[in-house]
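The values are calculated or read from the model by the stated rules, or taken from the named source; none is laboratory data. Note that the coordinates shown come from a computational prediction; the quantities given were computed from them, not determined experimentally. Using ideal geometry, Cβ is built from the backbone for each residue, glycine included, and neighbour counts are taken over all protein chains shown.
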């Protein structure tokens, strides 16, 4: 699942409006029916104030032309072309509400090159520019193992009997297609489906759905924003929930959903990236538990633990830096062990030992690969990249790291360029990392990569 994309269409001259930009948000989620057929739901949110209208009788009408293409390699698998219009608006109105479109597209399992084309047909012909967006969409829900669908963020969900494309679990679910949740929104609402849980648990009893909100940079669970719900262990289960986010500070986050069996073992998970604007609110503080990890016996060398703590500073938040510095300065193994526990229990309350072990594995890999500071930070956050392209000997030197998937985000890439003796991050398509709109001009003389390198930068 890919992050919400915002497409801006520069338009000039309009009917009933002056120079403006067509603002369309796009998102999607992948699902599977009980008969194992998979499909993708696409969500478009169109800013009603940004479109051009024509008068039809006494109503205003918009016409947004949309084309969706799914290709597997060079094979066309699905083609969809349609017009999106607004709900009825009287020609006397000065209020132009947003409107949405939902498409449900059945498509086999696979990795697809997705192409989205959008234009405003009511714009003057000379300004009807088609904007094209390319994505990689993975339809990869396991058919026999525990799995979750994509997470759909919701504007609202209300009980309804009438069957519509938005009807899920007896509720009309209105999609929320923006990345950012503003201050006036008090709840984060979502819908997700659970698959094959009964098969994994032998159909015995219930399972737990654990939800939490984690900082996108530190992976720290935000205190007061986690809960566990007991549900039936079924092979198909529709789950929706709302989380009170009035006290969630401004920041970049992942909503994380875990399925846990009756022994509290994690057997499936899904994540969804979002941003929050909530000025003036600070996160609740964490009180030290004074405990140590079960694996504490593995970390008894003062120098080794001190080095781990120093690496942890790279992904720590401001409230944790002081505690880490004090622990390192003390050289007291009890204090250092307690600091390890306090840090990792906030990132994985069910298995902090495994979270620490994974972090140590990443830190060791960064050391072996002689990563620059920027690269080490990213490896500690996201793990080892799936592929690395190293062109540091080229006329325009660069290195590209490619992650097939980070949370719900696919096809994530980081571009590094030499800066003295180190490689620094120039640009990425990871929403919470550095993004540079002028990266092509900074890297290439003509602003474009060589033709044989175009695939390396696809999606950036």
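Worth pointing out:
- Per-region count, the stretch 224-253, residues assigned to a loop (DSSP other than H, G, I, E, B) and under 17 Å from the mean Cα position of the chain (by Cα): 1
- Scanning the stretch 99-122 for residues that are buried (at least 17 other Cβ atoms within 10 Å of the Cβ) and in a loop (DSSP other than H, G, I, E, B) turns up 107, 122.
- Total residues in the stretch 58-86 satisfying the condition of being in a loop (DSSP other than H, G, I, E, B) and either under 30 Å from residue 108 (Cα atoms) or touching a helix residue (DSSP H, G or I) at 6+ places or on another chain (Cβ under 9 Å) (or both): the figure is 5.
- Condition check for residue 362: within 30 Å of residue 227 (Cα to Cα), modelled with pLDDT under 95 and surrounded by 15 or more Cβ atoms within 10 Å (Cβ to Cβ): no
- Checked against (1) modelled with pLDDT of 95 or more; (2) more than 20 Å from the chain's Cα centre (by Cα); (3) within 17 Å of residue 42 (Cα to Cα), residue 76 meets all criteria but (3).
- Qualifying residue in the stretch 335-356 (condition: surrounded by fewer than 18 Cβ atoms within 10 Å (Cβ to Cβ), part of a helix (DSSP H, G or I), without any contact (Cβ under 8 Å) to a residue 12 or more places away in the chain and within 27 Å of the chain's Cα centre (by Cα)): yes
- In this structure, residue 443 does not qualify as more than 15 Å from residue 374 (Cβ to Cβ) and either without any contact (Cβ under 8 Å) to a residue 12 or more places away in the chain or within 15 Å of the chain's Cα centre (by Cα) (or both).
- Selection count where residues are assigned to a loop (DSSP other than H, G, I, E, B) and either in contact with a strand residue (DSSP E or B) (Cβ under 6 Å, 6 or more places away or on another chain) or within 30 Å of residue 109 (Cβ to Cβ) (or both), scope the stretch 123-139: 3
- Selection within the stretch 401-460 - at positive phi, surrounded by 19 or more Cβ atoms within 10 Å (Cβ to Cβ) and assigned to a loop (DSSP other than H, G, I, E, B): 407
- Every condition in (1) under 20 Å from the mean Cα position of the chain (by Cα); (2) exposed (fewer than 13 other Cβ atoms within 10 Å of the Cβ) holds for residue 288 except the one numbered (1).
- The residues on offer are 49, 36, 71, and the sole one that is over 30 Å from residue 146 (Cα atoms) and surrounded by fewer than 19 Cβ atoms within 10 Å (Cβ to Cβ) is 49.
- The set of residues in the stretch 204-235 that are surrounded by fewer than 19 Cβ atoms within 10 Å (Cβ to Cβ), in contact with a helix residue (DSSP H, G or I) (Cβ under 9 Å, 6 or more places away or on another chain) and within 25 Å of residue 143 (Cβ to Cβ) comprises 204, 231, 232, 234, 235.
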